[in-house]
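Worksheet: one structure, shown below.
Bear in mind these aren't lab numbers, they're just calculated from the coordinates by the rules spelled out. Small disclaimer: the values here were computed from a predicted structure and weren't measured. Positions of Cβ are backbone-derived with ideal geometry, glycine not excepted, and every protein chain shown enters the neighbour counts.
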Amino acid sequence: MGEPRRVLVVDDEASIRVTTVLNLTREGYSTAAASDGREALGKISEWKPHLVLLDIKLPGENGIDICRKIASARPDHAFVVMMTAVADRRAVTAAGRAGAAGYIVKPFHTELLIQKIRAVLGDVEKSSAPDDDSGERGPSRPRRRGSGLASSRDPFSRGGPRA
């Protein structure tokens, strides 16, 4: 097997950062964390993560602005999955336009987070994986940055959000 995938967790809430880093490390990912956008951009430049889990609401610059910077600095390499406490349609749509590959609503189950990460990075198994937060099984396929994750509640996907 190769080198572990690098995932940067960016959230201003220490409990979410620490828990997410611990869970991803247990799953075999190489992890780092940042508490704000400035710290995240520095770590991205130095560490070159494969994926960035990025909170939308951060002190200073918000996650959407940071996502734009990531997409412009590393358009072929940095995948971003936005984390949000509220699935605000406008914010999620703005994140998709900024270059995010998808989003996950906090609090989330580790299993769902791992499935989203694998889908974005193209590490999906041949078997089916849940397409959305419901845990229902559906076709798994890797997505490119900005194309969105298949989810019935994900405005990045073809179906858009459910009413």
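Measuring between alpha carbons in the structure, the pairs from Lys43/Lys106; Lys48/Lys69; Lys69/Lys116 lying more than 19 angstrom apart are Lys43/Lys106; Lys69/Lys116. Over all other residues within a Cβ to Cβ distance under 15 Å of Glu39, the charged ones net out to -4, with Lys and Arg as +1 and Asp and Glu as -1. Using R0 = 30 Å, the C-beta based FRET efficiency linking Leu22 and Thr93 works out to 0.45.
How charged is the neighbourhood of Ile64? Take every other residue with its Cβ under 13 Å from the Cβ of Ile64, and add Lys/Arg as +1 and Asp/Glu as -1. Display every interim value, and only then the final one.
On the way: positive: Lys57, Arg68, Lys69, Arg90, Arg97; negative: Asp55, Glu61, Asp65, Asp88.
With Lys, Arg at +1 and Asp, Glu at -1, the neighbours total +1.
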